[in-house]
Amino acid sequence: MPKTIEDMLAEAEIRDVHLRYCRANDRRDEELMRSCFHPDAVIELHEELDVEAFLALGRAILGQYTVTWHNTGNQLVEVRGDAAWAEHYTISSHRIAADDKGPERDWIAYGRYIDRMERRGRQGQGGEWRIARRKMVVDYTRLDPVIAGDPAIPGGSGGGARDRSDPSYAMRLD
Amino acid sequence: MPKTLDELAAESEIKDVHLRFCRANDRRDEELFRGCFHADAVVEMGDASLTVDEIVAVSKQMLDRYAVTWHAVSNQLVEVKGDTAWAEHYTISSHRFAASETAPLRDWVAHGRYIDRMERRDGEWRIARRRFLVDYTRTDLVAAGDPEMPGGAARDRSDLSYAMRV
């Protein structure tokens, strides 16, 4: 079936939802995270979680790392009316500070997010795509030590932050 | 708010600007690089705030230190508001250092984000203000062993991609 313009718009909105999810993790932005899900969404990792339980888990897990980076590649979306299936390939890097288990290292998970997306909303307002059900699967992981190497940034500092003090917030248009 | 077709087209143009920026770095194409920015654009890195001429000069100096660079873009989040837009582009920049007397062959890999204020002027989206943030970096040694690929790439306009342009 050839794509319609409507399908393309829906796909673009659905892809953005997952990119906002990545940003929400990396900036630890719970409001943004919540906005990716319908209130009754179910998230399956080891067990089924509701949105609030998932947020609590994220809060506990993300705090263990000094940086996270959710890098999304393939985004395959199939729209069927007001529902859609999506698969997002995402490489999640987690920097772990030196501790009693080892030196500073990056734990890198190659995972896929499989979603049932639903467009719900006000009559005549076009509705909003959000995640109704999400299953997270991890295909493989790596643990790579951080070696003393080249200076972090020649001639400058990194400048980012894992909260709303990140400069990306001040530059927003709204 | 559902996207409109006009917004989708604007987002596509804006994403392309950053992909051209990456190509401009990796092929050291100053003309292409300049074409990504409005003439009065400001580029902020660390504590520095640079004009287009200044970022061109800094980039040239930095790029010449490496044997290869590769700017790989992943998440591109764009929000269009009329003739302005906000964008965040996740980009992994790999920089291959040749072996020297003091250090072996290695890749310096920066995981960074480009945060942009885009403006459409005279119908064309370009960067009006860009802030470059680096979230983390790695240095990975290059191990010997795997076979060499045919190659054929160049870091200037002798690269095969130029001759194939339409």
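Every number in this text was worked out from the coordinates using simple rules, so none of it is lab data. Note that the coordinates shown come from a computational prediction; the quantities given were computed from them, not determined experimentally. Backbone-built Cβ (ideal geometry, glycine too); neighbour counts: all protein chains shown.
Quick notes on this structure:
- Calculated SAXS-style log₁₀ I(q)/I(0) at q = 0.09, 0.10, 0.15 Å⁻¹ - chain A, Debye, Cα scatterers: -0.37, -0.45, -0.95
- For A:Lys101, the aspartates and glutamates whose Cα falls under 17 Å of its own Cα, not counting residues fewer than eight places away in the same chain, are A:Asp144.
- Arranged from fewest to most other beta-carbon atoms within 10 Å of their beta carbon, B:Glu148, A:Glu128 become B:Glu148, A:Glu128.
- Least to most buried among B:Phe21, B:Phe33 (fewest other Cβ within 10 Å first): B:Phe33, B:Phe21
- For the protein assembly as shown, size of Cβ-based charge dipole, Lys and Arg +1, Asp and Glu -1, in debye: 100
- Each stretch of four or more DSSP H residues adds -39500 (n - 2.57); spread over every residue of chain A, this sum gives -7500 deg cm²/dmol at 222 nm.
- Partner lysines whose Cα lies under 24 Å from the Cα of B:Lys15, excluding those fewer than 8 positions away in the same chain, are identified as A:Lys3, B:Lys3, B:Lys60, B:Lys81.
- Within chain A, longest stretch free of exposed trypsin sites (Lys or Arg not before Pro) [DSSP loop, at most 14 other beta carbons within 10 Å]: A:4-100
- A:Asp82 sits among other residues whose Cβ lies under 10 Å from its own Cβ, and their net charge, with Lys and Arg +1 and Asp and Glu -1, is +2.
- Secondary-structure-derived ellipticity at 222 nm for chain B, considering helices only, amounts to -8000 deg cm²/dmol, per-run term -39500 (n - 2.57) for DSSP H runs with n ≥ 4.
- Between helix A:51-62 and chain A: long-axis angle, C-alpha atoms, 0 to 90°, nearest 10: 20
- Rel. contact order, % - alpha carbon contacts under 8 angstrom, at least six apart, segment A:13-112: 20
- Spatially proximal aspartates and glutamates relative to A:Lys135 (Cα-Cα < 13 Å; intrachain offsets below 8 disregarded): A:Glu44, A:Glu47, A:Glu48, A:Asp50, A:Glu87, A:Asp115
- Cut-off 9 Å between beta-carbons: net charge of the residues surrounding B:Phe97, Lys and Arg +1, Asp and Glu -1: +1
- Placing +1 on the Cβ of every Lys and Arg and -1 on the Cβ of every Asp and Glu, with nothing else charged, gives chain A a dipole about its Cα centre of roughly 160 debye.
- Taking chain B and dividing mean pair separation by its residue count, relative contact order in percent (alpha carbons under 8 Å, at least six apart): 21
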